[in-house]
Every structure is written in structure tokens, then in C-alpha cells.
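**Student:** What follows is a single structure, and I will ask about it in a moment.
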Amino acid sequence: MLGFLKEPVVVTAKINVNLVALTVMGLISRLWGLCYPRAVVFDEVYYGQFVSLYMKRIFFVDDSGPPFGHMLLALGGYLGGFDGNFLWNRIGAEYSMNVPVWSLRLLPALAGALCVPLAYQILAELHFSHCAALGAALLILLENSLITQSRFMLLESVLIFFILLAVLSYLKFYNFQKHSAFSGSWWFWLLLTGVACSCAVGVKYMGLFTYMLLLAIAGLHFWHMIGDQNLSNVSLLCHFLARGLALIIIPMGMYLSFFYVHLALLYRSGPHDQIMTSAFQASLEGGLARITQGQPLEVAYGSQITLRNVLGKPMQCWLHSHTNTYPIRYENGRGSSHQQQVTCYPFKDVNNWWIVKDPGMQQLVVSNPPRPVRHGHIVQLVHGITTRYLNTHDVAAPLSPHSQEVSCYIDYNISMPAQNLWRVEIVNRESDTDVWKTILSEVRFVHVNTSAVLKASGLSGASLPEWGYRQLEVVGEKLSKGYHQSMVWNVEEHRYGKSQEQKEREVELHSPTQVDISKNLSFMAKFTELQWKILTLKNEDTEHKYSSSALDWITMDTNIAYWLHPTSGAQIHLLGNVATWASANAAALVYLCLSLWYLLRRRRKIYDIPEGLIALCVCVQVAACGLFCSEMPSPVSADAWQLWVSAGGVCGGGWAVNYLPFFLMEKTLFLYHYLPALTFQILLIPVVLQHLSDHLCRSVLLKSMFSALIVAWFSSVYFVYCTFSPVTYGQPALSLTDLKALRWKDTWNILIRKQ
């Protein structure tokens, strides 16, 4: 029974020395001197703020993308023992001793280092030679811009790592497809594809480009599988379900999980939560939650309330009134009602309080038991301080002449009767008998006489003049179709009124039984609101000194100064390896021209490169299409044409989907936005070089000459890398002459101190 112990247990393993060596070199190039400079470098001033907020568990909203990338950076701070106490207010500020610089920069550096072996494996999985794969990895290793971007607390290197991991995982999955479908390895690489795609999207929405490319490739592959008569209907269904699970369901689940962890970590109120709804704010610890804790849930006749506009942008504001009246005549000569002004005020104030009154009764207190207000009920809104009724009539609003003026009614004993009845419409109701609830209910106020809807028009226009204290205009919108958020309000602060006397009412406070509003807001409700804010929140795009256009990136006509030493000439720039960028552009052009030439020749039944043993590809593809042919060649029956098209689909397609969308974006762009596309374009260089060597250099002499040219070219790549290393790593400090010598293009902004 114990006979197996008589023989020694032997474990054998294959070690790819190339892969190990490349990984070590990648780690050295990215981790060397990682703490230098010990100062805030460019966008570290931006991401560092979010890391500090994570450490303090304070909620924030970042419109640049999902939270997964920020959480990874915060993980580095957590592992380094960072307490979040640092003022991220300017680039170049020296880090205090409590900031673990090495830990904060570690994860981006590791991601950048691992891109080197990933590039090697991608070319190998595309069935190119190990020499070509080694060349691709070395080009990534010696790319100055990728080194610079990966050595600081930035997210591009993390994004590129997950993009390359997703591509590699899909290639490995596809290569297992032919010989061992549904095996453990097959499932592993398929699932890892979905996980890597979701992580890429979770870091930055730019990851969607590569995710869509891989979905298109997977869809095309499955389309060709449908035509395979050797596969049964059951087998096809299993393949379809497996791909749907791994490439759609799991990424969606992971994406939701990123937000779940994000919201679980950030449970405290902060400055960013003001753009969220009152219900969201009340779910956070402190802030509004501290104010609203213990409020009555149901709004009743006699309730004292503040009404916040749901739109909340460009600023939050509350329905407000004060004793001042509209001027008799406006600057343009139009007349007004001279009634009491009603505005939307962006600050909490005692004049924001209103009393919900039953039109059929005179009392302004809550009865016992309270009579709740329901959807469709008619109410009057009485201003708490001035006791005047919210009113609108057929008089043009001050800034929006096509809308009605909203005022608090003053009886001037003229032929202008009060029109102060409003119908409560709960927009997010579940039934027509729903009760109006604090924070949770979103309501419209529809004027009974004119059917106009109470609207905060000032959120989308100019503020009132000096006579209105620059507050925001409120109008009665006659065209009330739809539910624009500027027409929707919710009760934020609420208490049951007890005193009928005005002076007592102004000072009364009430603390009824506590109602925990946060328990009524589910994770999906929070996720939906936060996701919508991320997608729609737009910071004002201002022209940046180092912003650029997508056209500038191709020829690297721009650079970004990341850091400048306060006394010496040491500095760090985002600058690429000129030789690599030029070669990548040339490779893309050669690939496109050769592909068009081959397609034209093949149309005439002339095959310049071997067709191989696999069925003829029927889909016309070029580099930018981003799709594979019907089959991926195996190492045994290598089809040169399909090798060529497949590599173009991955490398050329990856470049196209990560670059061309920027021409459609209306946002401030920087050179680092091009780095994912550049990575794919670099992978195309060894593809083109191997193709030229194998199919165009037919004699031994030509092959030898071509090899010599490749060695000379690669030497130039290494020379450029060494030349620009001082501004890649920030050391050694360069003299004035050396800095001027690095300005190879007039458009580059190399920082030179005035003597």
C-alpha cells in the first residue's frame, strides 16, 4: 500500500530562459531608482488625492473612469502603511516621510515590467519565430515612454498590462481550441481572457477598445465554427455558452464588484458627495447623514421641509425665497409682478425652509396622527420665514421670457389673484398611491391653474442680476413633457411642525423616531447613480500647456515635462524612442501596402506567399480591421498568408481601435493616451521584419544583408534609448549644452533654466 514511497518523487519543469531573462530585465528597467525623485511627478498630484481619500475612507467621484485602477494604487499605499496625510497641491512638492513612495509606485512599475515578457509570448502564440518574439520584447523593454509612464503612480502601464494579458490569454485559448477544447487549460485561458478584459475596463474606459476587438475576434471565430460539420448542435451550444459566460457574464460581474468594493471602502462623507442625490448622501457616514438622522420618513401636511433640485449640476441648489421682490421693470423694459422673489440657492440657509399646507385647512402643524401626502395630492407650499405662498402666473420669468415667473404671493389688492395650488407628482413611484417620502421620493410640482412645472432653469443658464443676489432662476415651465431633472425635487431636511405661532415655529426643533434612510438605498441604486455621474460629469476642459492632438502623436511632435529638479538641470519627460516610433510607423505603412498588394494579386489568382494546407480565408482584411481569418495556423501547418493576416488583426487592429477613437473625442488629450496603441504598433515591427526576411529576401546574400541591416537598426534603437535615458529616469543631471542637444524637434519643450 505504501509502495509508492520506495521511489523518489520527481518534478520536472520546462523553463524558457528567454522569458526569465526578459522578465528580469524588465524588472530592472522599471524598478531601478523607483523612489527617485522623491517628489510629486505630473499626474501623481491627481491620483495621489484619491489614494489619500481611500486611506481616510472618504467618498469621491472621478469622471475619468471606473475605480479599479485607483484601488490598485491605494493598495500600494495600504501595503506601505500610508495614512493618507499629504497635501497633493502641486507638482514638484517634496514628499513627507510618512509617504511610502516606493510602495505607491510599485504596482505600476511591476505592470510595466511584465509587459516585456507578455510581448514575447504574444508573438510566440501568433506562431512567429522566437527571434521575432525576442525582438518585440526588447523593443518594449527599450521604449523610453513606456518606462517613464510605468515608474510613477500612474495608470497607463497597468492598463497596457491588462490589455496585453487579455490578448495573450485569448491567443492561448484559441490555440488550445483545436486539440483540447473544454480541457482545464482551455477553460483557464478563456476565463482569464474575460477577467483581464474586465480589469482593463475597470482601470480606464480605454480598455473597452481592446475588449470590443477581442469580442469581435471571438464572434468571427464562432461564426466559422458554425460552418464546421464535424461539430454537433450540442457542442456548438456549449461553445457559445462558455464564451458568453467567460467573455460577457464574468466581466460584467467583475465590473460590478469593483464598484461594490469601492463603495464599501468609501463610506464617509466628503466634498465630492455633494453632486450625488440626497438619498446617496444620506447613506454616507457624516455630512448629510448627520443632519438627516432621525428625520420623519413620510411627508405630511404641516411638515417643514427643504427642497433640493435633483439635477445637482453644475451645482446643487435648494428652493429659496427672501423678502426682496422682483423689480417693477427689468433692464430690457419688460415688466414683472413685483412679487416676492423665489430662487434656487446653492447653500443651506434658513430661507430654504417651506411648510407643506393642506389647502382646505389653515393649520401649519402636523396633526396627530400625521396625514401623509400622496402622489396626486394638492398642496400649498408656504415659505417658512415670510409665510407667503409659492405662486406662479402668466407673467414672463426674468431670464426665461417663454416661461412663467415663480414668486411668493403678495396681495397688492389689484386684479392679480393668488394661484398657489400645486399637485405633487412622484416621478419614481411604484404605484399611484405612493406616499411622498423624505430623500427617497423624486417629485414634480405641477401648477393646478396653468399646468406649468416648477423648474430650476438657472442650472442651465445665467444667474439672476444683482437685484437677485446672483442666485439661480426658478420658473414655471409650460412645456412639461418628460421628466428633465431640473424639474424634479426631493425633500432633503424634514421635521414635523408643532407650533402654529410664527416666532415659535422659526426656532422649533423636532427629533422623532430615527429612520435609517441608508437601508432603503440598495447597492444597485448606488451603482447606477455613481455610474451615471461618472459618464455624464464633465469637468471644464481647459487648454493645458502639454495637451496635444491625436495627429501630433504619430510623429511624436509633442512631449510632456513630468518633473524638474528645483536647483539642478535634472528633469523627467514623457518622450518616446524616436527610432522605435519611426520604425513602428514604417512597419504599419509597409503592412498596409503589402496587404493591399497581396489582396489585389490574390484576386487575380496569383499567390505570392504560400496558401498552406488550411482552407482559403474568405474575409478581406487589412491591418485596421482587427479580425482574424477563419483559422489560426498551427506550428505544424504554418500558413504564411494566415500568419500575416492574423498578426495584422491583432497588432494592426489593436493599434487602430486604441488610436482612431481619439479623433472623435472632445476632451483634453495628452501624449500618454497614445501608449496603448503604440504598444500594439511596436508588436507589428518584428512581424513585418520576419515577413520581409522569409518571403522577399530569397537569396542567401539578401538574407545576410537584411540581417545586418536589422542589427544596425536595433543598435540605433539602443543608442536612442541610452541618449534619452537621463530624461527618462531623471538622472544624471544634464548640463545646458546636453539639454539643448536633446531637443531633436523644435516642438519639444525641453526645460532650460535661464542663466
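Residue-wise test of (1) in a helix (DSSP H, G or I); (2) touching a Phe, Trp or Tyr at 6+ places or on another chain (Cβ under 9 Å).
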{"position": "36", "(1), (2)": "no, yes"}
{"position": "49", "(1), (2)": "yes, yes"}
{"position": "53", "(1), (2)": "yes, yes"}
{"position": "61", "(1), (2)": "no, no"}
{"position": "77", "(1), (2)": "yes, yes"}
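**Student:** Do we find that residue 310 is loosely packed, with under 14 Cβ neighbours inside 10 Å, aliphatic (A, V, I, L, M) and under 25 Å from residue 397 (Cα atoms) in this structure?
**Tutor:** Details: loosely packed, with under 14 Cβ neighbours inside 10 Å: no; aliphatic (A, V, I, L, M): yes; under 25 Å from residue 397 (Cα atoms): yes.
It is false that residue 310 is loosely packed, with under 14 Cβ neighbours inside 10 Å, aliphatic (A, V, I, L, M) and under 25 Å from residue 397 (Cα atoms).
**Student:** Filter the range 566-589 down to the residues that are at pLDDT 90 or above and not aliphatic (A, V, I, L, M), then identify the one that is most open to solvent (accessible area, probe 1.4 Å).
**Tutor:** 585
**Student:** Hey, another quick one. Taking the range 327-338 only, how many residues are outside any strand (DSSP E or B) and open to solvent by 20 Å² or more (accessible area, probe 1.4 Å)?
**Tutor:** Final tally of qualifying residues: 8.
**Student:** Which one of the conditions (1) surrounded by 11 or more Cβ atoms within 10 Å (Cβ to Cβ); (2) basic (Lys, Arg); (3) in a helix (DSSP H, G or I); (4) at pLDDT below 85 does residue 533 fail to meet, given that it meets all the rest?
**Tutor:** (4) is the only condition that residue 533 fails.
**Student:** Report yes if residue 366 is farther than 27 Å from residue 274 by Cα, in contact (Cβ under 8 Å) with a residue 40 or more places away in the chain, part of a loop (DSSP other than H, G, I, E, B) and open to solvent by less than 30 Å² (accessible area, probe 1.4 Å), otherwise no. It would help to see each step written out before you state the result.
**Tutor:** Values: farther than 27 Å from residue 274 by Cα: yes; in contact (Cβ under 8 Å) with a residue 40 or more places away in the chain: yes; part of a loop (DSSP other than H, G, I, E, B): yes; open to solvent by less than 30 Å² (accessible area, probe 1.4 Å): yes.
Against the criterion (farther than 27 Å from residue 274 by Cα, in contact (Cβ under 8 Å) with a residue 40 or more places away in the chain, part of a loop (DSSP other than H, G, I, E, B) and open to solvent by less than 30 Å² (accessible area, probe 1.4 Å)), residue 366 qualifies.
**Student:** Sticking with this one: Only one residue in 176, 188 is at pLDDT 95 or above, over 23 Å from residue 76 (Cα atoms) and either surrounded by fewer than 24 Cβ atoms within 10 Å (Cβ to Cβ) or of a type in the set (A, V, I, L, M) (or both). Which one?
**Tutor:** Being at pLDDT 95 or above, over 23 Å from residue 76 (Cα atoms) and either surrounded by fewer than 24 Cβ atoms within 10 Å (Cβ to Cβ) or of a type in the set (A, V, I, L, M) (or both) holds for just one of 176, 188, which is 188.
**Student:** Of everything in the range 435-447, what is crowded, with 24+ Cβ neighbours inside 10 Å, among the hydrophobic types (A, V, I, L, M, F, W, C), in a loop (DSSP other than H, G, I, E, B) and within 34 Å of the chain's Cα centre (by Cα)? Give them in sequence order.
**Tutor:** 439
**Student:** If you don't mind, there's one more thing I want to ask. Please count how many residues of the range 248-259 are open to solvent by less than 30 Å² (accessible area, probe 1.4 Å) and among the aromatic types (Phe, Trp, Tyr).
**Tutor:** 2
**Student:** Something else now. Out of the residues in the range 711-755 meeting the condition of being hydroxyl-bearing (Ser, Thr, Tyr) and in contact with a strand residue (DSSP E or B) (Cβ under 9 Å, 6 or more places away or on another chain), tell me which one is farthest from residue 576 (Cα to Cα).
**Tutor:** Going through the qualifying residues, I end up with 729.
**Student:** Name, by its number, the condition in (1) in a loop (DSSP other than H, G, I, E, B); (2) open to solvent by 40 Å² or more (accessible area, probe 1.4 Å) that does not hold for residue 324.
**Tutor:** Tallying (1) in a loop (DSSP other than H, G, I, E, B); (2) open to solvent by 40 Å² or more (accessible area, probe 1.4 Å), residue 324 fails exactly one: (1).
**Student:** Inspect the range 106-129 for any residue being free of Cβ contacts under 8 Å to residues at least 24 places away in the same chain, out of contact with any Pro (no Cβ under 6 Å at 6 or more places or on another chain) and open to solvent by less than 10 Å² (accessible area, probe 1.4 Å) and give the result as yes or no.
**Tutor:** no
The rows are residues; the columns are (1) within 18 Å of residue 272 (Cβ to Cβ); (2) assigned by the TED database to the domain that holds residue 573; (3) modelled with pLDDT of 95 or more; (4) not in a helix (DSSP H, G or I).
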{"residue": "33", "(1), (2), (3), (4)": "no, yes, no, yes"}
{"residue": "83", "(1), (2), (3), (4)": "no, yes, no, yes"}
{"residue": "89", "(1), (2), (3), (4)": "yes, yes, no, yes"}
{"residue": "96", "(1), (2), (3), (4)": "no, yes, no, yes"}
{"residue": "108", "(1), (2), (3), (4)": "no, yes, yes, no"}
{"residue": "111", "(1), (2), (3), (4)": "no, yes, yes, no"}
{"residue": "120", "(1), (2), (3), (4)": "no, yes, yes, no"}
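**Student:** Still on this structure, please answer the following. Can you tell me how many residues in the range 198-247 are more than 18 Å from residue 160 (Cβ to Cβ), surrounded by 14 or more Cβ atoms within 10 Å (Cβ to Cβ) and among the β-branched types (Val, Ile, Thr)?
**Tutor:** 1
**Student:** Restricting attention to the range 41-69, and to residues there that are without any contact (Cβ under 8 Å) to a residue 60 or more places away in the chain and of a type outside the set (Ser, Thr, Tyr), which single residue is most open to solvent (accessible area, probe 1.4 Å)? Show your work before the answer.
**Tutor:** We begin by selecting, within the range 41-69, every residue without any contact (Cβ under 8 Å) to a residue 60 or more places away in the chain; these are 45-46, 49-50, 52, 55.
Pick out the ones that are also of a type outside the set (Ser, Thr, Tyr) and you get 45, 49-50, 55.
Details: 45: 27, 49: 85, 50: 12, 55: 38 Å².
Per the stated criteria, the residue is 49.
**Student:** Does any residue of the range 340-353 turn out to be at pLDDT 90 or above, open to solvent by 10 Å² or more (accessible area, probe 1.4 Å) and of a type in the set (Val, Ile, Thr)?
**Tutor:** no
**Student:** Just a yes or no: is a residue in the range 202-213 part of a helix (DSSP H, G or I), of a type outside the set (Lys, Arg), over 30 Å from residue 109 (Cα atoms) and assigned by the TED database to the domain that holds residue 71?
**Tutor:** At the first step, the residues of the range 202-213 found to be part of a helix (DSSP H, G or I) are 202-203, 207-213.
Of the ones still in play, those that are also of a type outside the set (Lys, Arg) are 202-203, 207-213.
From the residues that got through so far, the ones that are over 30 Å from residue 109 (Cα atoms) too are none.
Within the range 202-213 (the criterion being part of a helix (DSSP H, G or I), of a type outside the set (Lys, Arg), over 30 Å from residue 109 (Cα atoms) and assigned by the TED database to the domain that holds residue 71), the answer is no, since none of the residues qualifies.
**Student:** Search the range 549-562 for residues that are surrounded by fewer than 22 Cβ atoms within 10 Å (Cβ to Cβ) and pair each with any residue that is of a type outside the set (Gly, Ala, Ser) and part of a strand (DSSP E or B) when their beta-carbon atoms are under 7 Å apart and the residues are at least 6 apart or on different chains.
**Tutor:** Listed pairs, sorted by first residue: 561/571; 561/573.
**Student:** I've got another one for you. Considering only residues that are among the aromatic types (Phe, Trp, Tyr) and touching a strand residue (DSSP E or B) at 6+ places or on another chain (Cβ under 8 Å), which ones fall in the range 70-97?
**Tutor:** Passing the criteria: only 95.
**Student:** May I pose another question? Only one of these is on the phi < 0 side of the Ramachandran plot, open to solvent by less than 60 Å² (accessible area, probe 1.4 Å) and either hydrophobic (A, V, I, L, M, F, W, C) or more than 39 Å from the chain's Cα centre (by Cα) (or both): 724, 719. Name it.
**Tutor:** Only one candidate qualifies: 724.
**Student:** Which condition number does residue 693 fail, the rest of (1) touching a Lys or Arg at 6+ places or on another chain (Cβ under 8 Å); (2) outside any helix (DSSP H, G or I) being met?
**Tutor:** (2)
**Student:** Would you mind finding the one in 21, 13 that is of a type in the set (Gly, Ala, Ser) and either in a helix (DSSP H, G or I) or surrounded by 15 or more Cβ atoms within 10 Å (Cβ to Cβ) (or both)?
**Tutor:** The conditions single out 21.
**Student:** List pairs: first residue in the range 448-472 and open to solvent by less than 10 Å² (accessible area, probe 1.4 Å), second residue among the basic types (Lys, Arg) anywhere in the structure, Cβ distance under 8 angstrom, at least six positions apart or on different chains.
**Tutor:** As it stands, the answer is 452/478; 453/444; 454/444; 464/470, since those pairs meet every condition given.
**Student:** Exactly one of these conditions fails for residue 701: (1) of a type outside the set (Lys, Arg); (2) modelled with pLDDT of 95 or more; (3) open to solvent by 10 Å² or more (accessible area, probe 1.4 Å). Give me its number.
**Tutor:** Just one mismatch for residue 701, condition (2).
**Student:** Please go through the range 403-430 and pick out each residue that is on the phi < 0 side of the Ramachandran plot and free of Cβ contacts under 8 Å to residues at least 12 places away in the same chain. Don't jump to the end; show me each part of the working.
**Tutor:** Kept after step one, since they are on the phi < 0 side of the Ramachandran plot, are these residues of the range 403-430: 403-412, 414-430.
If the condition is that a residue be on the phi < 0 side of the Ramachandran plot and free of Cβ contacts under 8 Å to residues at least 12 places away in the same chain, then 411, 414, 415, 417, 430 are the ones that fit.
**Student:** Being surrounded by fewer than 13 Cβ atoms within 10 Å (Cβ to Cβ) and among the hydrophobic types (A, V, I, L, M, F, W, C) is the filter; apply it to the range 590-611 and report the residue that is farthest from residue 145 (Cα to Cα).
**Tutor:** Result: 606.
**Student:** Which condition number does residue 397 fail, the rest of (1) under 29 Å from residue 295 (Cα atoms); (2) of a type outside the set (Lys, Arg); (3) in contact (Cβ under 8 Å) with a residue 12 or more places away in the chain being met?
**Tutor:** (1)
The values are calculated or read from the model by the stated rules, or taken from the named source; none is laboratory data. No experiment lies behind these values; they were computed from the predicted model shown. Using ideal geometry, Cβ is built from the backbone for each residue, glycine included, and neighbour counts are taken over all protein chains shown. Side chains included, ligands, DNA and RNA excluded: accessible areas come from the protein's heavy atoms. Shrake-Rupley method; radii C 1.70, N 1.55, O 1.52, S 1.80 Å.
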